[in-house]
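Worksheet: the structure to be examined is printed underneath.
The values are calculated or read from the model by the stated rules, or taken from the named source; none is laboratory data. The structure displayed is predicted, hence computed values, not measured ones. Neighbour counts are summed over all protein chains in view; Cβ atoms, including those assigned to glycine, are modelled from backbone coordinates with ideal geometry. Ligands, DNA and RNA are excluded from the accessible area calculation, which covers all protein heavy atoms including side chains. Shrake-Rupley method; radii C 1.70, N 1.55, O 1.52, S 1.80 Å.
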Amino acid sequence: METAAKVFIIIGMIAGFWYVLPLVFGIIALSKMKKGQMTTGWKVCTLLFVNLIAGILLLCMPAAPAAAEAPAEQPQAPTEE
């Protein structure tokens, strides 16, 4: 579904190239999808300004898993002084 959303974003950018908003929001949306930082706000902006189908596909996609967290620190044994 992510690939289809990317294709529709690109189609929306090509179809609306004479407007500024589809280009700006399309480029930002594609870069955020690549990094895995796509938020609901950007999904809605894509829906409104770039392409309706791409926005619907993005909203239907499950949220990307959070980046791997750093392992918790293990308690250290007390040292004798």
- Message: Counting other C-beta atoms within 10 Å, and keeping those with at most 10, which DSSP coil chymotrypsin sites (Phe, Trp or Tyr not before Pro) do you find in the range 14-59?
- Response: W18
- Quick tally, 1.4 Å probe accessible area for C60, C45, sorted with the most first, runs C60, C45
- Task: In whole Hz, with x marking every Gly and Pro, tabulate ³J(HN,Hα) for the range 44-60 from phi via Karplus 6.51 cos²θ - 1.76 cosθ + 1.60, θ = phi - 60°.
- Result: 5, 4, 5, 4, 7, 9, 9, 7, 5, 5, 4, x, 5, 4, 5, 5, 7
- Counting only the heavy atoms of the protein chains, how much of L21 is accessible to a 1.4 Å probe, in Å² to the nearest 10? 90
- Please work out how much accessible surface T3 shows to a 1.4 Å probe, ignoring ligands, DNA and RNA, in Å² rounded to 10. 100
